[in-house]
Every structure is written in structure tokens, then in C-alpha cells.
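One structure is given here, and the rest of the page talks about it.
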Amino acid sequence: MNKHITLAMGNGGEENNELIHKVFYKAFKNEILEKSEDAAVIHGGELAFSTDSFTVSPLFFPGGDIGKLAICGTCNDLAMMGAKPKYLTCSVIIEEGFPTRELEKIVRSMKKELKNNGAIVVSGDTKVVPRGSVDKIFINTTGIGEIQKKGISSNSISEDDVILVSRDIGRHGAAIFAAREGIDLSTSLKSDCASLTLQVQALIDADINITALRDATRGGVSAVLNEWAKQSNICIEVQEDSIPVSQEVYGICEILGFEAVNLANEGTFVLAIKKEDEVKALEVLHRFENSSNAVKIAVVTQQYKKRVVLLSSYGTKRFLETPTGELLPRIC
Ligand code: MG
């Protein structure tokens, strides 16, 4: 591993995985951590527990801000384990000189998003550091959720499952990039930043046989699919043209040479559900504006174990790799 920490080591992709395994997993090794789920399942399978830090730049972006993101991010990781978010902590590290009004605006966003999740902040911490020691504000949230449906796991996906995505992909990454670079496409490009609690609850209420869920944050859909292929020792075969990508995101990708599958999302999730529930699950998702274009994107096979294969509309095949390098630091 590199002698010094590089930006790529925080990319949600290959280098990030290496850092996590060689430094943190090595030291903290235990059965719960090694499951590598979106949230730890604790207390005899009753509770989900997760933490996330937010460093996004700019703090305010089309479709959200760091406050909304800080609640959505942690609540979504809980939801991905079939849990209802209940209790959160909120820790902030603020740079000296930061405008109080902006802090209040961020906290108002947090309050609103907590309400959407039915969760409350029950503990917190405030640190102020000298100018230049941190860029404006960093936020950490940790959350506990009550598991509504047990057994959801990224380690048990099989050929009996199909893979769906909840909406068009890459919006958060594209929106942050456009905001940061001052690219004005005069479009309605907005981050997908949103809480997923209601969608997950609706899937559980409809008795959908859910195998695994994961929000496609850093590293995008390609990181999720590659993690799943490895964790469940399967091959995931993706029909490339079935992946929904909006015109705006496609435009940004064209300009900058990105692939939408590698771009971050903050309100988009990938689902592995039993084949027979595909139609019913899509019906449930289509009831929500945020997942009105949910669609099946892949099947599970045994062809190339631990790999993701992308099938083009021309009938060609290529491997979809875990993202490497760092497209966009401070995306979340
Ligand atoms: Mg996650």
C-alpha cells in the first residue's frame, strides 16, 4: 500500500477497499464488521447501526446541502438493512469564521430530513477549529435503526435473484461536479439526494422477498455491483442499455469523459430481490416520484464468479470493474 494517504483511498472504490481492509479491518477484526454491510446488525439482529462523515463541497448544491446529505446518508444506510431510522447523533467540526446563518440553514435542513425519516438527534458534539484547520464545516452522523425485516444481506445473493435500480443514476456526482466547476448547462440537473426510508418500508409492507439493498453512493452503481459479486461469490450480468441515465447526466459524462455507473448517488439504491417478486417490487417503487423509473438492470449467473459483466446492445461483453482513482473528492 502507498506510504502516504492519497485522495483515491477515499474513493469508495478499489483503493478505499484496500485501505479499509489493510488498516481498519486488520486492527478491528470481528464478525460483525467483516460482513461489510451498509450498517452493522447488532443486538441479536434487532438493531442496525451506522456512521458517516460529510465533507461535501460546495456545502449548498442543487437538490440539497451538507445538512440534508448528513441525515439522508446515515438514514439510508440503516434503511438498506431493512431498518427504520430512530436515533441519530450529530457531530460538527466548524472552521472559525463560518457564518452562523449558514450553520442555522444547514441545521434546518437536517431537522426537515429527520422528520421525513421519523428519527431524532439524541446526542452530539461541537468542535470549532482555527481558520484553515478544516474547510468550512464537516459533519458526522451516527444512527441506530430498528430492523423491520431480518436477514437482508449482501452476502446471500444467488441466481434466484434479479437486480433492480431504483431510478436514473449519477445525478449527485454530476450535480456536484457541475456546481463545483461552474458548469452552467442551463438544465434542471439536481442531486438525487433523498431519504429512502419510505420506499424501503413500502417494499417490506408489500412483503417483497428482499435479498439485499445498497445505496449507490461513492463509486456509484459499479462499486455496489462489484462488492455484491465478490461478497456473494456470483457473476452479475448487466444489460448496459437498461440502466437509466438522464440526458443531463449523460451530457456531463460526455463532456468530462465519465461513466454514469461510476458517479455517486445519494438517493438511489440497488436491489437484489427474488425473481418472482420483480413485477410487484417495481409496482411498489413506481408509486414514489423518486423511484418512478425503477427498472431491472441485471441477472445473476455463475459464469464469471466475483465479476460484473456488462452486455451491450450490440451483443458485446466487457467486465465492469470497481472504480479506481478519484473522480471527485469531497462528493459527500
Ligand atoms: Mg451505503
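The values are calculated or read from the model by the stated rules, or taken from the named source; none is laboratory data. None of these values were measured; they are calculated from a predicted model. Cβ placement follows ideal geometry from the backbone for every residue including glycine, while neighbour counts extend to all protein chains displayed. With ligands, DNA and RNA removed, areas are computed over all heavy atoms of the protein, side chains included. Shrake-Rupley method; radii C 1.70, N 1.55, O 1.52, S 1.80 Å.
The figures follow:
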{"quantity": "All positions within the stretch 73-112 that are in a helix (DSSP H, G or I), within 16 Å of the ligand (Cβ to nearest atom) and touching a helix residue (DSSP H, G or I) at 6+ places or on another chain (Cβ under 6 Å)", "calculated": "Cys75, Ala79"}
{"quantity": "Test: residue in the stretch 53-66 that is outside any loop (DSSP other than H, G, I, E, B), outside the structural domain of Leu225 (by TED's automatic domain parsing), within 16 Å of the ligand (Cβ to nearest atom) and open to solvent by 20 Å² or more (accessible area, probe 1.4 Å)", "calculated": "yes"}
{"quantity": "Hits in the stretch 288-302 (condition: in contact with a Leu (Cβ under 6 Å, 6 or more places away or on another chain) and open to solvent by 50 Å² or more (accessible area, probe 1.4 Å))", "calculated": "Lys296"}
{"quantity": "Filtered residues of the stretch 259-287 (kept if in a loop (DSSP other than H, G, I, E, B) and either surrounded by 20 or more Cβ atoms within 10 Å (Cβ to Cβ) or among the hydroxyl-bearing types (Ser, Thr, Tyr) (or both))", "calculated": "Leu263, Ala264, Asn265, Glu266, Gly267, Thr268"}
{"quantity": "Cys193 in contact with a helix residue (DSSP H, G or I) (Cβ under 8 Å, 6 or more places away or on another chain), away from the ligand (no atom under 16 Å from the Cβ) and either touching a residue at least 60 places away in the same chain (Cβ under 8 Å) or not assigned by TED's automatic domain parsing to the domain that holds Phe269 (or both)", "calculated": "no"}
{"quantity": "Extreme residue, nearest to Lys112 (Cα to Cα), among residues of the stretch 67-84 that are touching a strand residue (DSSP E or B) at 6+ places or on another chain (Cβ under 7 Å) and open to solvent by 10 Å² or more (accessible area, probe 1.4 Å)", "calculated": "Lys84"}
{"quantity": "Condition check for Val128: assigned to a loop (DSSP other than H, G, I, E, B) and surrounded by fewer than 22 Cβ atoms within 10 Å (Cβ to Cβ)", "calculated": "no"}
{"quantity": "Close pairs (6 angstrom Cβ cut-off, 6 or more residues apart or separate chains): closer than 17 Å to Asn155 by Cβ in the stretch 296-307, open to solvent by 90 Å² or more (accessible area, probe 1.4 Å) anywhere", "calculated": "Lys306/Lys230"}
{"quantity": "Checklist (1) in contact (Cβ under 8 Å) with a residue 60 or more places away in the chain; (2) surrounded by fewer than 13 Cβ atoms within 10 Å (Cβ to Cβ) applied to Asn2, failing item", "calculated": "(1)"}
{"quantity": "Residues satisfying the stated conditions in the stretch 134-192, i.e. open to solvent by less than 20 Å² (accessible area, probe 1.4 Å), within 14 Å of Leu59 (Cα to Cα) and either aromatic (Phe, Trp, Tyr) or in a loop (DSSP other than H, G, I, E, B) (or both)", "calculated": "Val134, Ser191"}
